[in-house]
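Enquirer: Got a structure for you, written out below as structure tokens; questions coming shortly.
The values are calculated or read from the model by the stated rules, or taken from the named source; none is laboratory data. Remember, it's a predicted structure, so these values are computed and weren't measured experimentally. Note that we place each Cβ from the backbone using ideal geometry, even for glycine, and neighbour counts take in every protein chain shown.
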Amino acid sequence: MKLNFPLDTPNNNLQADIARTIREYYPIGIQGGTDEYNNHPASKKLYAAQSEHADDYNTHMKPWATFFSNLPRGYRTKVLNNTLPGEPSYGGKLVLERYADDSMLRFKELIFNVSWIGKFYTVFGIDETVIRDEGLGYGYSAINVITVSPYREFEKRFKYLQSAIEGYFEGYKFVPFMNCSARVKEVETEYIYGSKATVYSCLFSHLLNTRHLPSIRIRGDWRYGMEPSKRKIILAPPPSNN
């Protein structure tokens, strides 16, 4: 099921913060790659931030490096930096399992992102299989399932990552998978065109769109972390016929 994210009528405070951030950094209703898009104040603000980070990469990465260095020793060897240049977030992954033989690879990992255009973060787990083809020099990968909440073998480490991120990045809010995977109408990003942008691609990275969502199967509660709606429903008696 594909949901649309409500930019104009957010349901709760988290969605209102997300909508405000997306409008701040992305043009609405303008085709990506055009002069109009590139010269829009929102695009210019994002490009300026990306340029500043590229020019002083060590300073940009310092908060992320410090976060990693503060992890307990048992986690440091299992948590890997997965930050991609030009993306609006820091990225990492926590390896739970890794299996390899001559014909295949299998990974079980928790993916986590911390946005630098707004105070948002997210966590989800993936099970991935790669069929090797040494003759071609690469493999054929498939995401078997995405775990979207603290569930079974992911539960302990999922909760740990949430606690660690919120403890270091003060005031940051968890973005539920239900919001991350929602489409943002009339918004295009640097990598996602044709009205296929999601909240995740706007705040974090394009990888959920290009690698994970095409064959989405999920475990757990995809509403996990959702804030209650701020809309009030009033039940009234039916109108009188008089």
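Enquirer: Restricting attention to the range 153-161, does a residue exist that is of a type in the set (A, V, I, L, M) and in contact with a His (Cβ under 8 Å, 6 or more places away or on another chain)?
Expert: No, there is no match, as no residue in the range 153-161 is of a type in the set (A, V, I, L, M) and in contact with a His (Cβ under 8 Å, 6 or more places away or on another chain).
Enquirer: Another one. Of the numbered conditions (1) within 21 Å of E227 (Cβ to Cβ); (2) touching a residue at least 40 places away in the same chain (Cβ under 8 Å); (3) out of contact with any helix residue (DSSP H, G or I) (no Cβ under 9 Å at 6 or more places or on another chain), G167 fails exactly one; give the number of that condition.
Expert: Only one criterion in (1) within 21 Å of E227 (Cβ to Cβ); (2) touching a residue at least 40 places away in the same chain (Cβ under 8 Å); (3) out of contact with any helix residue (DSSP H, G or I) (no Cβ under 9 Å at 6 or more places or on another chain) is unmet by G167, namely (2).
Enquirer: Here are the criteria: (1) more than 26 Å from E190 (Cα to Cα); (2) in contact with a helix residue (DSSP H, G or I) (Cβ under 7 Å, 6 or more places away or on another chain). Tell me which single one I126 does not satisfy.
Expert: (1)
Enquirer: List every residue pair whose Cβ atoms lie under 7 Å apart, where the two residues are 6 or more positions apart in sequence or sit on different chains, the first residue falls within the range 111-129 and is within 14 Å of G171 (Cβ to Cβ), and the second residue, located anywhere, is part of a strand (DSSP E or B) and aliphatic (A, V, I, L, M).
Expert: Y121/V114
Enquirer: Still on this model: I'd like the full set of residues that are touching a Phe, Trp or Tyr at 6+ places or on another chain (Cβ under 8 Å), under 21 Å from V148 (Cα atoms) and either part of a loop (DSSP other than H, G, I, E, B) or without any contact (Cβ under 8 Å) to a residue 12 or more places away in the chain (or both), limited to the range 67-87.
Expert: Once the filter is applied, which keeps residues that are touching a Phe, Trp or Tyr at 6+ places or on another chain (Cβ under 8 Å), under 21 Å from V148 (Cα atoms) and either part of a loop (DSSP other than H, G, I, E, B) or without any contact (Cβ under 8 Å) to a residue 12 or more places away in the chain (or both), the range 67-87 yields only T83.
Enquirer: Let me ask something else. Would you pick out the residues in the range 1-45 that are of a type in the set (V, I, T), assigned to a loop (DSSP other than H, G, I, E, B) and touching a residue at least 12 places away in the same chain (Cβ under 8 Å)?
Expert: Within the range 1-45, I28, I30 qualify.
Enquirer: Return the residues of the range 110-123 that are part of a loop (DSSP other than H, G, I, E, B) and either in contact with a Leu (Cβ under 9 Å, 6 or more places away or on another chain) or acidic (D, E) (or both); say none if nothing qualifies.
Expert: Those that are part of a loop (DSSP other than H, G, I, E, B) and either in contact with a Leu (Cβ under 9 Å, 6 or more places away or on another chain) or acidic (D, E) (or both): I117, G118.
Enquirer: Look through the range 24-42, keep the residues that are of a type in the set (G, A, S) and in contact with an Asp or Glu (Cβ under 7 Å, 6 or more places away or on another chain), and return whichever of them is farthest from P88 (Cα to Cα).
Expert: G29
Enquirer: Which of the residues that make up the range 124-161 are part of a loop (DSSP other than H, G, I, E, B) and at positive phi?
Expert: Listed by number, the list holds a single entry, G137.
Enquirer: Let me ask you something else. Of all residues in the range 33-56, which are farther than 18 Å from T21 by Cα and surrounded by 15 or more Cβ atoms within 10 Å (Cβ to Cβ)?
Expert: Matches in the range 33-56: H53 only.
Enquirer: Moving to a separate point now. I'd like to check something: does the range 207-217 contain any residue that is modelled with pLDDT of 90 or more, outside any helix (DSSP H, G or I) and either in contact with a strand residue (DSSP E or B) (Cβ under 9 Å, 6 or more places away or on another chain) or acidic (D, E) (or both)?
Expert: No.
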